[in-house]
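The values are calculated or read from the model by the stated rules, or taken from the named source; none is laboratory data. All figures in this text were calculated on a predicted structure; none of them were measured in a lab. Areas reflect the complete protein model, heavy atoms only, side chains present, ligands, DNA and RNA absent. Shrake-Rupley method; radii C 1.70, N 1.55, O 1.52, S 1.80 Å.
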Amino acid sequence: QVQLVESGGGLVQAGGSLRLSCAASGRIFSSSAMGWYRQAPGKQRELVAVINIGGTTKYADYVKGRFTISRDNAKNTMSLQMNSLKPEDTAVYYCASGPPRAYYDGTFDYWGQGTQVTVSS
């Protein structure tokens, strides 16, 4: 059973920063693609960033240059550093884990419970 636990969400003013973390267990972390997704009220879940087993990253255009995804295979953790936050970044952020191909095709099969990020204007 894979467990993913997010932390680090909260309320921040526009222009501020937050750092999200995801702690993973139950799967060989170093062999897993990992990702962050988000879902705003009334909208579909959307990709934020993904990182493959070798540390290569991809970002959605709307966060590129502001957010940084990283992973620590020794600690089985993944992080998302979010800078220059905007009100439109307000959403529930989810950590996702999947097989290596998930980096390319989005087939993440395990999800965390989500953490709320609210950016005030």
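Using the C-alpha atoms of region 72-121, what convex hull volume per residue, in cubic angstrom, is computed? Let's see the in-between values first.
Working: hull volume 5.4 nm³, N = 50.
Once divided by residue count, the hull of region 72-121 is 109 Å³.
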* To do: Could you state the accessible area per residue of the chain in Å², with a 1.4 Å probe and every protein chain left in place?
  => 50 Å²
* **Nearest-10 value in Å² for the accessible area of Thr115, using the 1.4 Å probe** => 20 Å²
* Please list the non-local residues whose amide H lies under 5 Å from the amide H of Gly16, H modeled 1.01 Å from N, same-chain partners needing a gap of 5 or more. => Leu85
* To do: Report the dimensions of the chain along its three principal axes from the alpha-carbon atoms, largest first, rounded to Å.
  => 40, 28, 24
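Relative to the present Cα-Cα distance, how much length would full extension add between Ser17 and Ala40 at 0.36 nm per residue of separation? Intermediate values should be presented prior to the final figure.
On the way: separation 23, 0.36 × 23 = 8.28 nm, distance 1.83 nm.
Additional length available on full extension: 6.4 nm.
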* In angstroms, what radius of gyration and Dmax does region 3-48 have, counting Cα atoms only? -> 13.3, 37
* **222 nm mean residue ellipticity, helices alone, for the chain (DSSP H n ≥ 4; -39,500 (n - 2.57); rounded to 500)** => -500 deg cm²/dmol
* Relative contact order for the chain using alpha-carbon pairs under 8 Å, separation at least 6, rounded to a whole percent? -> 36 percent
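Determine the gain in length on full extension of the stretch Lys86-Tyr104; use 0.36 nm per residue of separation and subtract their C-alpha separation, reporting nm with one decimal. Don't skip to the end; give the middle numbers.
Working: separation 18, 0.36 × 18 = 6.48 nm, distance 2.74 nm.
Difference between extended and current length: 3.7 nm.
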